[in-house]
Amino acid sequence: MRAGALTVGAVMAAVLLAGCGGGTGDGGSKSPRPKGGSASATSAKEARLSRGTVRRNVRAAAAAGGFDRVVDRAGTPARCRVIAAVPTDGVPKAAALAKVVADLKGRGWEQVFRKPEDGGVTWLFTKANWGLYVFTTAPSKEDPDGLRFTFSGQRLDCPNAPATASP
């Protein structure tokens, strides 16, 4: 699981720092960096999300998909990071995941890409100053009982955001 987390961290850092990624199915590329907005008070407030807001969005999206338990995996609260696991019996059903994705979109998260891989799916969403991966994994020989559904978020404007993953 540690190797998978490091891989996801490295990919997230590369995508977020490079400002590129697959589009939402149109073959185009959209920058995951926050977009400049109008000068209204609402836009200024939305331009910076707190870690608490992101955690609430994650919990609400999981609940929308019928998942009643979300486990904070970040350990000591980190102001620039949110990692949450959703315990499941096997790989989550596509209909439940569709509800999770719809809830995030309804809360203003923009889908940057969706990529099926190795029996699971990875999504990247952005909102204001955060990037949020949502990913599922299929059981493997190396990790038959591992977590199957995880949220991993990184604040994009964090002064000590890692450029690369390190062991």
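What to note about this one:
- Condition met for residue 149 (in contact with a Phe, Trp or Tyr (Cβ under 8 Å, 6 or more places away or on another chain), surrounded by fewer than 22 Cβ atoms within 10 Å (Cβ to Cβ) and at pLDDT below 95): no
- The residues listed here are 52, 65; of these, the one that is at pLDDT 65 or above and surrounded by 15 or more Cβ atoms within 10 Å (Cβ to Cβ) is 65.
- Lone unmet requirement of (1) surrounded by fewer than 19 Cβ atoms within 10 Å (Cβ to Cβ); (2) within 15 Å of the chain's Cα centre (by Cα); (3) of a type outside the set (A, V, I, L, M, F, W, C) for residue 143: (2)
- Qualifying residue in region 26-47 (condition: at pLDDT 90 or above and under 17 Å from residue 129 (Cα atoms)): no
Conditions (1) over 26 Å from residue 158 (Cα atoms); (2) touching a helix residue (DSSP H, G or I) at 6+ places or on another chain (Cβ under 9 Å); (3) in a strand (DSSP E or B), marked per residue:
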| residue | (1), (2), (3) |
| --- | --- |
| 102 | yes, yes, no |
| 113 | no, yes, yes |
| 116 | yes, no, yes |
| 122 | no, yes, yes |
| 125 | no, yes, yes |
| 131 | no, yes, yes |
| 134 | no, yes, yes |
| 138 | yes, no, no |
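- Within region 68-92, considering residues that are without any contact (Cβ under 8 Å) to a residue 60 or more places away in the chain and exposed (fewer than 13 other Cβ atoms within 10 Å of the Cβ), the one nearest to residue 47 (Cα to Cα): 77
- Region 152-164: number of residues that are among the polar types (S, T, N, Q) and either touching a Phe, Trp or Tyr at 6+ places or on another chain (Cβ under 7 Å) or crowded, with 18+ Cβ neighbours inside 10 Å (or both): 2
- Of 132, 124, all but one fail to be buried (at least 21 other Cβ atoms within 10 Å of the Cβ) and closer than 19 Å to residue 71 by Cα; the exception is 132.
The values are calculated or read from the model by the stated rules, or taken from the named source; none is laboratory data. Predicted model only: the values in this text are computed from it and were never measured. Ideal geometry is used to build each Cβ from the backbone, glycine not excepted, and the neighbour counts take in all protein chains shown.
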